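What follows is a set of notes on a single structure, which appears directly below.
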Amino acid sequence: MPVVYSLGLFIAILFIVSLLIYIVATGSHRLSWSLLTNFPSSNPREAGMLPAIYGTLWTVGLSTLMSFPLGIATAIYLNEYSGMEKLRSFLQINLNSLAGVPSVIFGVVGLGFLSYTLGLGRSILVGAILLAFLTLPLVTVSALEALKAVPDDLRFGGYALGATRWEVIKSIVLPRALPMMLTGSILAISRAMGEAAPILVISGLLFIREVPASPLDRFTVMPLLLYNWISRPQLEFRELASAGIIVLLLMLILLNAVAIYLRYRLSRRR
């Protein structure tokens with residue numbers, strides 16, 4: 001069996017590497033400053049992805065601001081405060097169930113409840129809320145595991161010195177668990193940036209020539225724009241799509257590098 005696992009891993013890595021080589025070979029010569037600053041156009045020589053970049057940054061940034069504090073607060077409650085085993089099991093089962101829901105279902109529910117019932121329209125705010133709920137289980141589970149990894153001896157030592165439960169959590173538990181929690185945030189940001197199905201249901205825009213300026217504006221995101229380009233028959237648009245994929249990967253690497261640096265700084269401070 002180990003040989004089978006190793007062979008499967010080798011095939012998966014080979015496929016990913018070959019795909020990356022193809023993307024770089026196809027789209028690297030289309031990388032330019034105009035690709036980042038121009039608006040979408042029917043002319044592939046003038047097409048850019050500025051509105052999609054802004055839409056991605058808006059939705060991912062707002063969803064992270066929602067899911068990260070809420071996920072950490074939920075994990076703290078489950079691990080540090082909840083004394084009812086049935087309630088804890090109920091919440092964990094619901095979190096696991098939420099993680100297994102197809103992403104397009106979030107888009108349909110968000111469109112019916114947030115957009116139409118609450119009247120928020122097809123705005124950035126709706127997309128950010130959907131991505132926050134989509135990534136919340138990942139953030140919560142990683143934060144919960146990080147809290148469980150903190151030795152109980154440290155908690156007991158704080159209690160022995162007269163600290164309250166919140167003081168122990170704030171001064172002892174969180175500083176040691178936060179670096180591991182950032183790992184969950186890295187995965188959550190990566191998933192949010194690559195999601196297209198719920199945003200397609202909410203936004204419905206594959207081509208937009210307006211830069212969103214507020215959370216209530218209509219928007220599109222980079223995966224939708226890339227889908228629009230790659231679905232066109234012209235070779236120039238497929239090359240643009242490969243260049244856009246490179247830009248998206250570079251943005252992911254940059255955001256992950258920032259999170260890794262923050263995790264390193266927090267580990268050193270601890």
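Data overview
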quantity: Between region 101-179 and region 1-52, the Cα center-to-center distance that results, in Å; calculated: 31
quantity: Between 0 and 90°, nearest 10: helix 174-194 axis offset from the chain longest Cα axis; calculated: 20
quantity: Rough spin-label spacing in nm, given labels placed 7 Å along Cα→Cβ, for Leu91 and Leu252; calculated: 3.1
quantity: Listed candidates [x] 54, 41, 36; [y] 70, 53, 38; [z] 48, 43, 33 - label of the one calculated as Cα extents along the principal axes in Å; calculated: [y]
quantity: Two-site FRET efficiency, Tyr5 against Glu145, from Cβ-Cβ distance with R₀ of 22 Å, rounded to 0.05; calculated: 0.40
quantity: For the chain: relative contact order, % (alpha-carbon pairs under 8 angstrom, 6 or more apart); calculated: 28
quantity: Base-10 log of normalised Debye intensity for region 1-147 (one unit scatterer per alpha-carbon) at q = 0.17, 0.19 Å⁻¹; calculated: -1.08, -1.11
quantity: Karplus-derived 3J(HN,Hα), 6.51/-1.76/1.60, for each residue of region 241-254, Hz, glycine and proline x; calculated: 4, 5, 5, x, 4, 4, 4, 5, 5, 5, 5, 4, 4, 5
quantity: 0 to 90° range, to nearest 10: angle between helix 50-76 axis and the chain longest Cα axis; calculated: 10
quantity: Over the chain: helical MRE at 222 nm, DSSP H runs n ≥ 4 each giving -39500 (n - 2.57), nearest 500; calculated: -23500 deg cm²/dmol
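Coordinate-derived values only; no laboratory data. Remember, it's a predicted structure, so these values are computed and weren't measured experimentally. Don't worry about glycine lacking a Cβ; one is built from the backbone with ideal geometry, like all the others, and counts go over all protein chains shown.
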